[in-house]
Ligand code: ADP
């Protein structure tokens with residue numbers, strides 16, 4: 001569609017100036033009209049008097065111009081849709097890829113940068129295809145056709161018209177090389193700007209509570225200033241580029257006017273033909289400068305494309321082995337065997353950890369902050385891969401399961417209960433997309449969330465703002481527990497909420513948690529004495545090692561570290577002693 005419209009556009013361009021040439025030579029100049037054109041007029045029953053020629057060819061010229069405009073409009077419309085579809089597809093593909101990237105990658109990449117790449121840089125595909133590839137092909141095609149026609153009119157003029165191409169090409173190459181690093185730099189400053197913005201907005205509480213608005217304002221101004229400077233530089237380069245282009249084409253047109261003018265004075269060509277040649281030369285220079293301008297746009301698009309490509313070049317989470325099996329209906333027996341792990345090149349965070357949890361067992365993890373409790377739990381979800389040793393569920397190594405099905409079998413409830421924008425119901429349904437309203441309500445009741453949900457302005461249909469704004473910490477916790485109920489996974493990872501909750505909330509959360517973990521293999525990073533007392537087994541961790549294991553009573557006899565930790569653990573409602581062991 002786009003290609004045929006383009007061809008139609010070229011054809012109309014080639015034939016429409018003929019009307020002008022005929023009007024000038026035959027209607028105004030008075031030269032006799034002969035040949036096919038005269039025969040055509042006679043066949044249509046029209047005369048070849050000067051006035052007749054004026055009327056017919058001005059009308060014809062007008063008609064062709066109108067059709068030309070129509071084609072240009074259609075062309076524009078089709079390009080816009082094609083461009084947007086290309087962008088949409090690239091964005092979808094990139095979003096999919098970004099979601100599949102490892103947590104480690106996400107932890108290292110500023111959100112603003114990732115958003116910039118997904119939102120702004122993906123537009124490069126439209127520019128590359130519709131403002132790059134397509135116009136260049138179109139321009140060269142026009143150039144070839146115009147040159148072909150010019151050659152039939154006057155060979156020296158045709159060659160003269162083409163003489164501008166080599167200097168223009170050399171200039172283009174020079175410019176593109178100078179421009180690329182600056183375009184890249186401008187894109188990077190943009191990305192820094194969004195990153196700054198995202199960081200500040202997500203830490204707005206911190207900023208306000210420290211009254212650091214002015215400080216942040218100054219930091220923001222610096223980054224915004226850098227971006228402005230980079231774009232000013234790019235813009236300036238662009239204007240120099242456009243001017244040199246303009247000068248080159250003006251020199252070319254003047255040379256043709258001069259040589260063509262000499263031809264008219266010698267009587268070698270008519271005025272109409274010179275006009276025709278000049279119009280064609282305009283058409284030839286049009287595409288040439290379009291190519292030149294496209295090169296300018298293309299530099300930006302290439303720079304974006306490099307950023308998009310870098311995203312796709314980042315390797316996603318380990319793909320499933322071809323013979324990986326789906327993890328379904330697991331019993332929940334978990335075994336760690338000599339598992340060691342470190343983040344990047346850092347010190348070991350887990351050091352030859354071995355343990356076996358039977359189905360339904362509740363294992364409390366205690367230990368000083370930084371001991372590796374959270375890391376141990378994350379290993380089960382394969383957020384990170386062990387350096388050595390093996391982790392098995394129901395006797396099958398983790399990497400023999402299909403990753404996503406494995407994660408379906410593990411529910412997590414974290415201290416910071418995350419909510420997405422949407423209604424309460426939608427947030428709960430995140431645990432089980434196919435859940436019915438009855439199932440959702442049952443889960444909410446089990447999590448002691450039903451009553452407070454009913455008190456919300458629209459009950460289950462209350463919109464939660466981003467990050468669950470409008471709910472208390474305890475309420476968000478209970479929603480997150482309800483979500484875990486719906487997921488109904490055989491394995492559960494819990495990071496107990498601590499100081500964030502008031503006493504009543506906390507009691508309800510504790511009850512909800514106990515209901516949730518019954519019958520599931522549970523790893524709970526414990527912050528309460530009541531939790532460690534109820535757990536079937538307690539692992540005491542220190543510096544990445546399991547230093548003691550047993551029940552509360554056993555460990556109180558045998559482990560000094562445990563006794564010290566217990567002294568710090570909070571009792572529900574015990575305000576004075578509610579101290580987090582993870583800090
Ligand atoms: P705990 O839950 O017992 O407080 P963590 O498992 O959170 O301990 O952390 C164990 C160690 O690993 C700490 O020294 C911490 O600094 C480090 N650590 C945790 N997460 C990361 C990470 N994403 N990148 C690098 N180091 C980390």
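Readers should treat all values here as calculations from the given coordinates under stated rules, not as data from a laboratory. Small disclaimer: the values here were computed from a predicted structure and weren't measured. Counting neighbours? That spans all protein chains shown, and the Cβs are built from the backbone with ideal geometry, glycine included.
For labels at residue 331 and residue 310 in the simple 7 Å Cα→Cβ model, what's the distance in nm?
Spacing of the two 7 Å Cα→Cβ label points: 5.0 nm.
How large are Rg and Dmax for the chain when only the alpha carbon atoms are used, in Å?
Expressed in Å, the Cα Rg and Dmax of the chain come to 36.7, 121.
Only bridges whose two residues both fall in the chain count here: according to DSSP, what percent of them are antiparallel, nearest 5?
The antiparallel fraction comes to roughly 50 percent.
At what distance in nm do the modelled label points of residue 78 and residue 463 sit from each other, each positioned 7 Å from its Cα along Cα→Cβ?
Rounded to a tenth, the inter-label distance reads 4.1 nm.
I'd like the orientation of helix 2-22 relative to the chain: the angle between its Cα long axis and the longest Cα principal axis, in ° from 0 to 90, rounded to 10.
20 degrees
Could you tell me whether the range 22-102 comes out rounded, prolate or oblate from its Cα gyration tensor? Rule is a ≥ b ≥ c as square roots of the eigenvalues, rounded for a/c under 1.5, then prolate if a/b exceeds b/c, otherwise oblate.
Here the range 22-102 falls in the prolate category.
Please arrange 15, 546 by counting, for each residue, the other beta carbons lying within 10 Å of its beta carbon, fewest first.
By the 10 Å Cβ count, ascending, the order reads 15, 546.
Using 7 Å Cα-to-Cβ label points, what is the residue 180/residue 147 separation (nm, one decimal)?
2.6 nm
Just to confirm the number: angle between the C-alpha axis of helix 50-100 and the first principal axis of the chain, 0 to 90 degrees, nearest 10?
20 degrees
For helix 134-153, report the angle its Cα long axis makes with the longest principal axis of the Cα atoms of the chain; keep it between 0 and 90° and round to the nearest 10°.
It is inclined by approximately 10 degrees.
Helix-only estimate, please: 222 nm mean residue ellipticity of the chain, summing -39500 (n - 2.57) across DSSP H runs of length 4 or more and dividing by its residues, to the nearest 500.
For the chain, the value works out to -20500 deg cm²/dmol.
So if each residue of separation counts as 0.36 nm, and I subtract the Cα-Cα distance between residue 258 and residue 438, what length gain in nm does that give?
56.1 nm is the gain from fully extending residue 258 to residue 438.
Taking the Cβ-Cβ separation of residue 423 and residue 383 as r and a Förster radius of 35 Å, what is the calculated FRET efficiency to the nearest 0.05?
0.75
Between residue 88 and residue 297, how high is the FRET efficiency from 1/(1 + (r/R0)^6) when r is the Cβ-Cβ distance and R₀ = 22 Å? Nearest 0.05.
After rounding to 0.05, the efficiency reads 0.60.
Neighbouring Cβ atoms within 10 Å as the yardstick, rank 198, 175 fewest first.
198, 175
Hey, fewest Cβ within 10 Å first, where do 382, 442, 177 land in order?
With the fewest neighbours first, 382, 442, 177 line up as 177, 442, 382.
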